[in-house]
Amino acid sequence: MRTVQATRYVAPLREGGSVPALVEADDLGLYVVKLHGAAQGAKALVAELVVGGLVAAVAEAAPELGLHVPELVLVDLPLELSVAEPDPEIQDHLKASAGRNVGLDFLPRALPYTPAGGLQPGPALAAAVVWLDALCENVDRTPRNPNLLTWHDRLWLIDHGAARYRHHAGLDPAQAHGRFAAVRDHVLLPRAGSIEEADARLAPLVDEALVRRLVAEVPDEWLPPQEASLHAEDLLARVRGPRAFVEEAERARRA
Ligand SMILES: Nc1ncnc2c1ncn2[C@@H]1O[C@H](COP(=O)(O)OP(=O)(O)OP(=O)(O)O)[C@@H](O)[C@H]1O
Ligand SMILES: [Mg+2]
């Protein structure tokens, strides 16, 4: 994963609950920066990196699906840039976030996905997204808050900060096989094809080497080594199975 230096603060993205920052970096790219000083805390950044990275790896290994995520980078944010923000509350978040943060490549003029119209995923892509979100226990892909963008005639997955939510209470791999009742509220469930077929295609792609690499990419300051190995064990246990979430998602789809 690349690290870039933020060189210019552009604006806050007020449509997000965590108010991410739009910044320009030393590679002249624009990035949506998820701040470690935001209320959601460092665990949200762990989820962004692990789950966003997992989606990117699956997208690369199964290109026929048409999964897309903006590139993830680490963004070094100098304290000086926060003075450009006039809102004192947001400026406080920026100051508290000096140092390393997570950035997503900004997709200019991307439109929010709506179930009612516009670009729609086919059944295999929708099933893949449902499967990935059920695997990663992502509660933030609902009709009210789809966290999907349409850009250049493609669907892009963003905002994985609320995934892996069990880590807020401390992970226990013995609990990794649990249900994921929130799947019934998934925005793409009504469009999804067979979740069992998605499972057969995708589960073998999420192997130990991938999971360990994803977790190792998270900076130690957010995920100390001991927690990192627990995070990897837990995710591996969930993907190795028994994968009760597959049957559960399939039942919700047919209901
Ligand atoms: N890479 C991107 N390119 C363009 N726009 C983006 C990108 N990432 C986020 N946005 C915009 O910023 C908004 C907030 O981003 P995001 O959903 O990641 O933040 P959040 O604070 O975690 O949001 P939530 O309120 O869903 O918890 C998105 O709904 C989208 O409109
Ligand atoms: Mg969001």
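Looking at region 116-143 only, could you name the residues that are more than 16 Å from ligand 2 (Cβ to nearest atom), open to solvent by less than 50 Å² (accessible area, probe 1.4 Å) and out of contact with any helix residue (DSSP H, G or I) (no Cβ under 7 Å at 6 or more places or on another chain)?
G117, G122 - these are the residues of region 116-143 that are more than 16 Å from ligand 2 (Cβ to nearest atom), open to solvent by less than 50 Å² (accessible area, probe 1.4 Å) and out of contact with any helix residue (DSSP H, G or I) (no Cβ under 7 Å at 6 or more places or on another chain).
Residue by residue through region 144-180, note down the ones that are more than 10 Å from the chain's Cα centre (by Cα) and within 13 Å of ligand 2 (Cβ to nearest atom).
Once the filter is applied, which keeps residues that are more than 10 Å from the chain's Cα centre (by Cα) and within 13 Å of ligand 2 (Cβ to nearest atom), region 144-180 yields R144, N145, P146, L148, L149, W156.
Report whether or not L45 is under 16 Å from G99 (Cα atoms) and near ligand 1 (Cβ under 10 Å from one of its atoms).
Answer is no for this residue.
Condition check ((1) polar (S, T, N, Q); (2) over 24 Å from A124 (Cβ atoms)) across all residues:
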| residue | (1), (2) |
| --- | --- |
| P190 | no, no |
| S194 | yes, no |
| R201 | no, no |
| V206 | no, no |
| D220 | no, yes |
| L236 | no, yes |
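Does any residue of region 147-163 turn out to be of a type in the set (K, R), open to solvent by 40 Å² or more (accessible area, probe 1.4 Å), away from ligand 1 (no atom under 12 Å from the Cβ) and over 17 Å from L188 (Cβ atoms)?
Looking through region 147-163, none of the residues is of a type in the set (K, R), open to solvent by 40 Å² or more (accessible area, probe 1.4 Å), away from ligand 1 (no atom under 12 Å from the Cβ) and over 17 Å from L188 (Cβ atoms).
Looking at region 62-94, which of its residues are in a loop (DSSP other than H, G, I, E, B), in contact with a strand residue (DSSP E or B) (Cβ under 8 Å, 6 or more places away or on another chain), over 21 Å from W156 (Cβ atoms) and open to solvent by 10 Å² or more (accessible area, probe 1.4 Å)?
If the condition is that a residue be in a loop (DSSP other than H, G, I, E, B), in contact with a strand residue (DSSP E or B) (Cβ under 8 Å, 6 or more places away or on another chain), over 21 Å from W156 (Cβ atoms) and open to solvent by 10 Å² or more (accessible area, probe 1.4 Å), then P78, D87 are the ones that fit.
So, in region 155-180, how many residues would count as being more than 23 Å from Y113 (Cα to Cα) and outside any loop (DSSP other than H, G, I, E, B)?
Adding up the residues that qualify gives 8.
In a loop (DSSP other than H, G, I, E, B) and open to solvent by less than 30 Å² (accessible area, probe 1.4 Å): which single residue out of A38, A47, A59 fits that description?
A38
Select from region 4-37 the residues that are of a type in the set (G, A, S) and more than 10 Å from ligand 1 (Cβ to nearest atom) and write down the one among them that is farthest from P88 (Cα to Cα). Break it down stepwise before answering.
Taking region 4-37 as the starting set, the residues that turn out to be of a type in the set (G, A, S) are 6, 11, 16-18, 21, 25, 29, 37.
Checking which are more than 10 Å from ligand 1 (Cβ to nearest atom) leaves us with 6, 11, 21, 25, 29, 37.
Details: A6: 20, A11: 13, A21: 14, A25: 23, G29: 26, G37: 14 Å.
Looking at residues that are of a type in the set (G, A, S) and more than 10 Å from ligand 1 (Cβ to nearest atom), I get G29.
Failed condition for Q5, given (1) assigned to a helix (DSSP H, G or I); (2) in contact (Cβ under 8 Å) with a residue 24 or more places away in the chain, with all others met?
Here Q5 meets the rest and fails (1).
Only one of these conditions is not met by L188: (1) farther than 30 Å from A116 by Cα; (2) open to solvent by less than 60 Å² (accessible area, probe 1.4 Å); (3) within 18 Å of the chain's Cα centre (by Cα). Which number is it?
All conditions pass for L188, except number (1).
The values are calculated or read from the model by the stated rules, or taken from the named source; none is laboratory data. Everything numeric here is computed off the predicted structure, so don't read it as measured data. Please note: Cβ atoms are built from the backbone with ideal geometry, for glycine as well, and neighbour counts cover all protein chains shown. In case anyone asks, the SASA skips ligands and DNA or RNA and just uses the protein heavy atoms, side chains included. Shrake-Rupley method; radii C 1.70, N 1.55, O 1.52, S 1.80 Å.
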